[in-house]
1. So which of ASP333, ASP268, ASP272 ends up being assigned by TED's automatic domain parsing to the domain that holds ALA385, out of contact with any helix residue (DSSP H, G or I) (no Cβ under 9 Å at 6 or more places or on another chain) and modelled with pLDDT under 85?
2. Can you name the condition, by its number, that GLN238 falls short on among (1) in contact with a helix residue (DSSP H, G or I) (Cβ under 7 Å, 6 or more places away or on another chain); (2) modelled with pLDDT of 90 or more; (3) under 27 Å from LEU80 (Cβ atoms)?
3. Among the residues of the range 81-102, write down those that are at pLDDT 70 or above, closer than 25 Å to LEU254 by Cβ and out of contact with any Leu (no Cβ under 9 Å at 6 or more places or on another chain).
4. Give me the strands (runs of 3 or more DSSP E) completely within the range 275-364, filtered to those with at least 2 residues that are surrounded by fewer than 17 Cβ atoms within 10 Å (Cβ to Cβ), ordered by residue number.
5. Considering only the range 358-385, how many residues are over 22 Å from LYS194 (Cα atoms), modelled with pLDDT of 75 or more and of a type outside the set (A, V, I, L, M)?
6. Can you spot a residue in the range 47-60 that is out of contact with any helix residue (DSSP H, G or I) (no Cβ under 8 Å at 6 or more places or on another chain) and modelled with pLDDT under 75?
7. Of all residues being among the charged types (D, E, K, R) and within 34 Å of the chain's Cα centre (by Cα) in the range 34-87, which is farthest from ASP117 (Cα to Cα)? Just the residue, please.
Amino acid sequence: MAAAALVACADGSLTPAKRKAVAAILETMEPRGTVDPAAASNLFNSFANGIRSQPGLGRSAALRAVAAVAGDAEGAQRLLRICRAVSGAHGGVQSGAQDGPSARDSAVIEEIRAVLDVPAPKALDETFANRDGAPPGPFVITLGNEKGGTGKSTAAMHLAVALLKLGYKVGTIDLDGRQATLSRYLTNRRALAKTIHRDVPMPLHRRIERAEADRRQAAESEDKARFGEALVELADRQIVIVDTPGSDSYLSRLAHANADMLITPINDTLLDIDILAHIDPSKREVRAPSAYCQMVWKQNDRRRASGREPIDWIVMRNRLTHIDAHNKRAVADLLDQLAERLGFRLATGFGERVIFHELFLTGLTVLDLPDDRLRGWSNVSLSHARREIHDLLLAVGVPEMELARSIL
């Protein structure tokens, strides 16, 4: 309870969501007879009140209580799981939400880990930690692009739900902690499930915010630890889908370094091709690879040096218009040139459809809509949107026979 109080008060206030998380933890312990709920609740309140009223003395007292568990490996791991469960409750989200810890929560958890003398999980970063003798990890699909507004989060959500419906165990990681589009999409989905009293397929989700440390080295170390811990926590998933911010960051580079498959959505315009390569405006020819492309190549070089397979890079033409314009044909021609020169393969993404934008607020995807509940959307639009997801799954590598047996 001392550790739970430290995490619950990490952000300076004890929110109702974190109180509910602690209560939920006590409920899971009570049937096993492992704790007296009333005594534990009183103990939690005592530590929390001490931390809030006298932060220095209160935190010291709580950390001394935590230190009593040091040396008990099983007890220490159980305590850290409780800390992560408390830190996962944000705002009005119930403790069952799978959002990741805030920056302050993470710092407190690492402090508790140090007191318990439990080593931090090894991050899977550019050094590609040795996996010899360890069970194979999940297949990592990273949605990456250093430009915003290309539909990464929408593609990540629909891909995750599609794979869940096909029977895969799926995890998701949102590295865009500030915008948090994928995390909010999943929060909306959980809220809908609660409203309609019906389960909907949900991935195991982790949200990671950028480190707040002033020094670059410290911030990168913190980012690496959080990302590594998220991958460790999702190690039992078959597929992990990582949504990255629309800008260059250390977290984004980590996600690219650990991607078995990279999907780069781009809007179907000449302007967006600039994210891949610099184009001669008069000749419409490639002059040089972009900074983003060079970053992807660098990660591939590191993978090869470590003996790993190169990234399977897919560039997805997204937000396609339905008019055969000269600009559209020019984009297609340039991408064909770039695919051969830069080492990616092309896939057709989603059309520019209102349905993809409006479903965000409900947390639904086009795969959740039965044909008799279109709510104003046309059969044709829904059918085409589903076909686009079907084609993306084929590009990702889902066998045609597997799709034919599904509802997709």
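The values are calculated or read from the model by the stated rules, or taken from the named source; none is laboratory data. All figures in this text were calculated on a predicted structure; none of them were measured in a lab. Positions of Cβ are backbone-derived with ideal geometry, glycine not excepted, and every protein chain shown enters the neighbour counts.
1. Numbers: ASP268 fails: out of contact with any helix residue (DSSP H, G or I) (no Cβ under 9 Å at 6 or more places or on another chain); ASP272 fails: out of contact with any helix residue (DSSP H, G or I) (no Cβ under 9 Å at 6 or more places or on another chain).
From the options ASP333, ASP268, ASP272, the qualifying one is ASP333.
2. Only one criterion is unmet by GLN238, namely (1).
3. So the first thing to find is which residues in the range 81-102 are at pLDDT 70 or above, and the list is 81-87.
With closer than 25 Å to LEU254 by Cβ added as a condition, the list becomes 81, 83-85, 87.
Passing the criteria: ARG81, ARG84, ALA85, SER87.
4. Values: elements: 277-280, 285-289, 312-318, 345-348.
Per the criteria, 277-280, 285-289, 345-348.
5. 2
6. no
7. Filtering the range 34-87 for residues among the charged types (D, E, K, R) gives 36, 52, 59, 64, 72, 74, 78, 81, 84.
Now narrow it down to the ones that are within 34 Å of the chain's Cα centre (by Cα): 52, 59, 72, 74, 78, 81, 84.
Numbers: ARG52: 26, ARG59: 18, ASP72: 10, GLU74: 12, ARG78: 14, ARG81: 15, ARG84: 17 Å.
Of everything passing the filter in the range 34-87, ARG52 is farthest from ASP117 (Cα to Cα).
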